[in-house]
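Report on the following structure.
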Amino acid sequence: MDVAWVAPAAVAAVLASWASSELVWRPRAITRELGAQGVGGPGYKFLAGNLGEIKQLRAASADAVLAIGSHDLVPIVQPHLHKWIPLHGRTFLYWFGARPTLCVADVNMVQQVLSDRNGLYPKNTVIPHIARLLGNGLVLTNGDEWKRHRKVVHPAFDMDKLKMMTETISDSAGSIMSEWKAKADKGEGEAEIELSSQFEELTADVISRTAFGGSHKEGKQVCLAQRDLQFLAFSAVYNVVQIPALGYLPTEKNLKIRKLDKEVRGILADIIKSRLTTNDTKSYGCDLLGLMLEACMPQEHGHDPLLSMDEIIDECKTFFFAGHDTSSHMLTWTTFLLSIHPEWQQKLREEVMRECGSAVPTADMLNKLKLLNMFLLETLRLYNPVSVIQRKAGSDLEIGGIKVPQGTVLTIPIATIHRDKEVWGEDANEFKPLRFENGVTRASKHPNAFLSFSSGPRSCIGKNFAMIEAKIVIVMIIQRFSCSLSPKYVHAPMDVITLRPKFGLPMILNSLDMQRHD
């Protein structure tokens with residue numbers, strides 16, 4: 001035998017054995033094991049799993065448009081779940097390539113997964129492009145590594161620290177609203193403005209200033225690069241062939257993603273190094289980066305840095321994605337709902353004038369805005385920026401009486417659960433902020449059915465920051481403008497990791513100053 005053929009033949013034999021095991025026999029065994037427990041599903045297809053059907057369903061719904069008053073967006077953003085849940089129930093098995101994926105849309109099972117404190121259900125991080133986007137920070141780390149990251153990041157989100165940031169948020173909001181006012185004045189008190197992009201700009205400015213203070217201009221460059229990275233990363237999510245190694249091949253898309261990631265990391269590294277070299281007062285600043293560095297690098301306290309430079313950069317990437325992208329869409333959908341519910345717009349304006357008058361809102365004022373809080377929670381229920389979250393089974397374990405094999409991805413479809421009539425009542429698809437009148441835990445038939453910030457020990461650390469920012473911006477809009485939807489608006493929610501209006505949010509703003517003068 002020619003020795004030159006031995007090594008390739010051995011490699012081919014190993015690959016064939018792996019393919020037979022992972023792409024044929026394992027899927028069959030898992031399907032049989034779960035089927036015996038009454039868990040069905042659409043069935044596994046070699047290599048692609050159910051990705052082919054998912055892509056077809058998404059393509060078929062890509063041009064769908066909803067009536068303005070309809071909030072039933074699941075058929076558009078989660079068409080596969082919309083089809084499969086009625087067929088297979090709230091818990092069923094489907095296949096993301098060769099990865100077994102369990103849909104967990106039963107609230108009791110969701111609570112079991114999210115309330116776990118023993119690390120049984122770690123974050124799912126198998127898509128490398130998503131990891132590049134979010135950074136391997138607090139959102140994606142697990143176990144002791146997560147505890148180490150949380151120890152550094154948590155002090156930055158202390159409520160007293162967040163209250164200090166209200167002035168920064170209101171300054172950013174005031175600047176952009178002055179521009180809107182100038183446009184309205186030119187139009188005899190009225191202006192049509194595309195608010196979705198405006199909110200992206202506003203939240204980019206807010207997170208840049210609150211995270212990086214004096215380096216906020218460089219921070220906004222990060223936001224722009226991250227936005228491009230987001231669309232590229234999402235485009236790889238539904239690739240029919242799901243092999244993580246493919247994310248590292250030198251394809252045109254992969255090269256673009258690496259270039260953007262390198263650009264982002266370079267900007268963040270320069271900001272951090274500059275902060276460290278100019279620190280001569282043993283204080284790194286009161287912004288999020290400064291507070292994080294303070295917790296991370298107190299060598300004078302007698303221990304090594306808790307996070308490396310690369311890990312700090314990852315946390316900064318997480319700040320940007322969570323603090324910029326999700327917040328901008330939360331504001332977009334809140335303003336959309338304000339415009340189509342003028343009765344609520346008037347109720348909120350009365351509350352704002354009673355508690356805040358025309359003053360810049362303070363943290364104490366915000367706490368008194370009960371109706372606004374309910375309005376924001378109902379907005380998040382129907383238009384949560386993140387429509388699905390995932391965990392995985394860290395070992396063979398039991399969920400809700402079902403034995404699940406190690407490595408199974410657990411998909412928790414927030415958009416679907418938030419519209420479950422058995423949980424929220426027959427009016428689950430309707431916009432009714434008063435359902436939150438007695439708090440989040442009493443808004444539905446299950447105390448843990450509201451999942452906009454997840455729940456349990458891994459719930460969103462930035463929840464209070466997001467709510468404070470949204471309240472300040474909405475208060476300042478209500479103080480200055482009445483808003484109505486432009487006839488140009490097309491109601492087509494679109495999911496690109498986060499939920500956004502496909503064609504933006506053109507809004508007609510009327511200056512209240514002009515109306516008062518009239």
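Of the residues making up region 149-163, those that are more than 12 Å from Leu291 (Cα to Cα) and exposed (fewer than 14 other Cβ atoms within 10 Å of the Cβ) number 2.
Return a yes/no flag: does region 478-489 have any residue that is among the hydrophobic types (A, V, I, L, M, F, W, C) and in a loop (DSSP other than H, G, I, E, B). Explain how you work it out, then say what you get.
Step one: list which residues in region 478-489 are among the hydrophobic types (A, V, I, L, M, F, W, C), which gives 478, 481, 483, 485.
Right, trim to in a loop (DSSP other than H, G, I, E, B) and you get none.
Within region 478-489, none of the residues are among the hydrophobic types (A, V, I, L, M, F, W, C) and in a loop (DSSP other than H, G, I, E, B).
Of the residues making up region 127-174, those that are within 16 Å of the chain's Cα centre (by Cα) and assigned to a helix (DSSP H, G or I) are His129, Ile130, Ala131, Arg132, Leu133, Leu134. Return yes when Met177 is in contact (Cβ under 8 Å) with a residue 24 or more places away in the chain and surrounded by fewer than 15 Cβ atoms within 10 Å (Cβ to Cβ) and no when it is not. Here the answer is no, as Met177 does not meet what is asked.
What number of residues within region 180-219 are in a helix (DSSP H, G or I), among the charged types (D, E, K, R) and either surrounded by fewer than 19 Cβ atoms within 10 Å (Cβ to Cβ) or more than 27 Å from the chain's Cα centre (by Cα) (or both)? Walk me through how you get there before you give the answer.
At the first step, the residues of region 180-219 found to be in a helix (DSSP H, G or I) are 180-186, 195-219.
Next, from what is left, pick out any that are among the charged types (D, E, K, R): 181, 183, 185-186, 200-201, 205, 209, 217-218.
Keeping just the survivors that are either surrounded by fewer than 19 Cβ atoms within 10 Å (Cβ to Cβ) or more than 27 Å from the chain's Cα centre (by Cα) (or both) gives 181, 183, 185-186, 201, 217-218.
Result for region 180-219: 7.
Listed by position, the helices (runs of 4 or more DSSP H) enclosed by region 43-126 that each have at least 1 residues that are farther than 22 Å from Asn448 by Cβ are 51-61, 74-77, 79-88.
The set of residues in region 392-428 being under 15 Å from Arg381 (Cβ atoms) and touching a Lys or Arg at 6+ places or on another chain (Cβ under 6 Å) consists of His418, Val423, Ala428.
Within region 291-298, the presence of a residue that is at pLDDT 80 or above and among the acidic types (Asp, Glu) is excluded. Counting the residues of region 490-518 that are farther than 14 Å from Met177 by Cα and in a helix (DSSP H, G or I) gives 4.
The values are calculated or read from the model by the stated rules, or taken from the named source; none is laboratory data. What you see is a predicted model; the values in this text were computed from it and never measured. We place every Cβ from the backbone using ideal geometry, glycine too, and count neighbours over all the protein chains shown.
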